[in-house]
1. If you go through region 168-182, how many residues are open to solvent by less than 10 Å² (accessible area, probe 1.4 Å) and part of a loop (DSSP other than H, G, I, E, B)?
2. Could you pull out the residue among D185, D207 that is at pLDDT 90 or above, among the charged types (D, E, K, R), in a loop (DSSP other than H, G, I, E, B) and open to solvent by 40 Å² or more (accessible area, probe 1.4 Å)?
3. Kindly check whether there is at least one residue in region 239-255 that is assigned to a strand (DSSP E or B) and either within 19 Å of L442 (Cα to Cα) or open to solvent by 10 Å² or more (accessible area, probe 1.4 Å) (or both).
4. Could you list, in sequence order, all residues of region 469-513 that are open to solvent by 50 Å² or more (accessible area, probe 1.4 Å) and under 18 Å from E425 (Cβ atoms)?
5. Residue by residue through region 344-358, note down the ones that are in contact with a Ser or Thr (Cβ under 8 Å, 6 or more places away or on another chain) and free of Cβ contacts under 8 Å to residues at least 40 places away in the same chain.
6. Does K317 satisfy the criteria of being of a type outside the set (V, I, T) and touching a strand residue (DSSP E or B) at 6+ places or on another chain (Cβ under 6 Å)?
7. Which strands (runs of 3 or more DSSP E) does region 325-399 wholly contain that include 3 or more residues that are surrounded by fewer than 18 Cβ atoms within 10 Å (Cβ to Cβ) and either among the acidic types (D, E) or touching a Pro at 6+ places or on another chain (Cβ under 9 Å) (or both)?
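The values are calculated or read from the model by the stated rules, or taken from the named source; none is laboratory data. This structure is a prediction, so every number in the text was calculated from the model and none was measured. Glycine also receives a Cβ, built like all others from the backbone with ideal geometry; neighbour counts cover every protein chain displayed. With ligands, DNA and RNA removed, areas are computed over all heavy atoms of the protein, side chains included. Shrake-Rupley method; radii C 1.70, N 1.55, O 1.52, S 1.80 Å.
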Amino acid sequence: MAAHRCGLSLVCILFFSSLAHPSRCDTLEKANDNTATKRSISEVNTDGSVAGEDMNERQWQSTDVEVNRSDGTKNSETFTPAPAKDQFQEELVIRPLHSGDIYASFQFRTLWDTDFLQEGQKKVSHYRLFPKSLGQVLSKFSVQELHISFTQGFWRTMQWGQPFIPSPPGAELWVWFHHTVSDVDGNWKELTNVLSGIFCASLNFIDMTNTVQPSASFKPLGLGNATDHRFLRYATLPREIVCTENLTPWKKLLPCGSKAGLAVLMKSEKLFHSSFHSQAVHIRPICQDEQCTSKAWELRQTLNVVFDHYTSGQGKKEWSLFKMFSRTLTEACPLASSSKVYVDITDNPEGELFELSPATPLLSQAVVLGDRRTYSVYDLTRAETFGQLRSFNLLLRWKGDSGDMLRPLLHAERYVAGFGLQTGEIHTVIYNNHPYRAFPVLLMDSVPWYLQLYIHTLTVTSKSRDNKPSYIHYQPAKDRHRPHLLEMLIQLPPHSMTEVTVQFERALLKWTEYTPDPNHDLTSRFFFKEESSYFVRVYTEPLLVNLPTPDFSMPYNVICLTCTVVAVGYGSFYNLLTRTFQVDEPSPPLAKRLANFIRRIRGVPLLA
């Protein structure tokens with residue numbers, strides 16, 4: 001019997017207090033849609049003096065927004081003035097991992113100085129840096145926020161730590177619509193079809209059977225903190241295969257495309273020959289000044305990739321831009337106001353682990369996921385960065401071991417227990433490795449309708465004791481209409497393992513409801529969020545559930561047998577009905593034929 005594997009969407013958000021409280025006077029924190037702080041720039045020379053470009057660095061950070069979303073009501077934002085014009089910034093962050101792999105994170109940020117959601121500005125005809133295709137989508141469907149990602153591979157948290165921008169395998173889409181939209185489901189369906197054409201993906205397969213409307217797990221990342229969750233839609237396509245045809249339209253959204261700047265490094269052959277690849281688009285409205293008198297749209301295009309040194313470097317722990325991407329940098333994007341390359345040297349303060357070539361005197365400090373990180377900065381807008389050859393090829397040479405791998409503070413795993421193809425049990429295990437701090441976790445689980453959950457069997461245990469959730473929201477599924485939705489608020493004790501289990505029963509599908517490849521897998525996910533400093537999203541490994549699958553070869557056998565019976569039975573009967581029979585007299589013996597020949601010659605009558 002063939003195995004049909006389906007996936008369960010699991011989302012978990014963690015609210016907990018900050019582990020580190022850095023001073024806000026010496027660093028400007030840069031907001032991200034899921035890390036809330038990615039990088040803060042304060043360039044200094046190696047001797048401690050302030051670099052000559054320090055003011056330029058802080059001016060570049062002036063357009064960033066820092067949003068604190070520790071609870072459902074608080075929304076504190078920090079702004080500095082910014083020019084009221086469209087802007088484009090690009091950056092690349094390279095982080096050597098403890099496993100010996102290399103993590104490269106591209107980020108392209110475009111600011112669009114317009115607010116067409118106001119009355120009288122519904123249509124916009126001028127597009128300079130912002131892609132017109134996305135601008136028309138935002139305007140037509142009244143989109144408040146849009147977040148979409150395409151990922152190939154799975155992020156290994158135990159080996160690589162936490163990523164800057166996590167994403168699940170396959171395709172993920174969640175959208176906030178404007179409060180003036182009357183038919184949210186209709187706009188959602190049309191929007192998925194349009195995005196399917198823009199990104200050359202199978203987003204048109206998103207329908208109400210795999211769409212959920214969370215009530216507590218999501219909040220807007222831009223303006224509009226108090227948004228009604230009736231205007232939120234979330235869906236995933238874990239079976240989506242990411243390839244070159246998805247990367248090409250993504251690169252065309254950049255102002256310089258892949259002709260100049262950091263985008264020239266995005267060679268498909270190298271990007272997809274990696275352990276992990278993820279590309280995403282995040283759109284949200286932000287304020288341009290402290291009083292929020294003018295608004296703008298922010299487009300963040302991110303691409304994250306992890307290179308394995310054993311497969312890509314032939315077992316040698318030596319890296320360069322040319323070895324990773326088969327290309328070098330020759331110039332920054334002419335339309336970019338900022339173009340930089342960052343290398344994480346936090347674990348290499350004295351250069352004892354690896355050596356960077358060429359060296360740079362510019363350093364940057366940032367608070368990333370609660371930790372203060374140090375980066376070497378290469379400014380591509382400076383001519384001296386490229387040298388006399390007008391080519392920039394960053395080289396990293398390892399000197400010793402990469403060090404012991406640190407266990408992540410929080411991580412989770414998921415598996416299916418049970419036997420047979422009728423019932424089963426889903427186990428979700430969440431680990432809290434903090435020695436003395438307890439964390440509250442908001443867990444969201446979206447289960448397909450053909451897995452019938454027994455919600456009365458739901459159990460949560462921590463340290464072999466029952467852990468009663470303080471908040472539970474459950475929406476049962478409707479066959480062939482909507483999936484299950486489960487949201488729970490759970491408290492994780494310090495240094496503990498919390499296990500969440502629920503039993504289910506497999507449903508029988510119609511033979512026309514199976515996918516073309518019933519052995520294809522789906523995935524699951526959950527989120528974490530820290531209360532006062534940053535937002536972290538973590539995804540579990542893919543979850544496979546075997547469903548009772550019919551023998552798809554039986555129709556072929558029936559067709560072959562039927563054709564044989566028709567050919568043998570009906571063919572013989574038809575031959576008997578249509579054949580014409582004639583009487584064939586036997587030929588005379590040889591002696592009689594010779595006698596008749598002689599008699600014919602003599603002219604006498606032949607013998608009868």
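1. Looking only at that region, the number is 1.
2. D207
3. No, because not a single residue in region 239-255 is assigned to a strand (DSSP E or B) and either within 19 Å of L442 (Cα to Cα) or open to solvent by 10 Å² or more (accessible area, probe 1.4 Å) (or both).
4. Result: Y474, M497, Q503.
5. Of everything in region 344-358, those that are in contact with a Ser or Thr (Cβ under 8 Å, 6 or more places away or on another chain) and free of Cβ contacts under 8 Å to residues at least 40 places away in the same chain turn out to be I345, T346, P349.
6. Here the answer is yes, as K317 does meet what is asked.
7. 371-379
Here's the yes/no breakdown for (1) under 30 Å from D347 (Cα atoms); (2) of a type outside the set (D, E); (3) at pLDDT 90 or above; (4) under 22 Å from the mean Cα position of the chain (by Cα):
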{"site": "L421", "(1), (2), (3), (4)": "no, yes, no, no"}
{"site": "I426", "(1), (2), (3), (4)": "no, yes, yes, no"}
{"site": "A438", "(1), (2), (3), (4)": "yes, yes, no, no"}
{"site": "L443", "(1), (2), (3), (4)": "no, yes, no, yes"}
{"site": "S446", "(1), (2), (3), (4)": "no, yes, no, yes"}
{"site": "Y450", "(1), (2), (3), (4)": "no, yes, no, no"}
{"site": "S462", "(1), (2), (3), (4)": "no, yes, yes, no"}
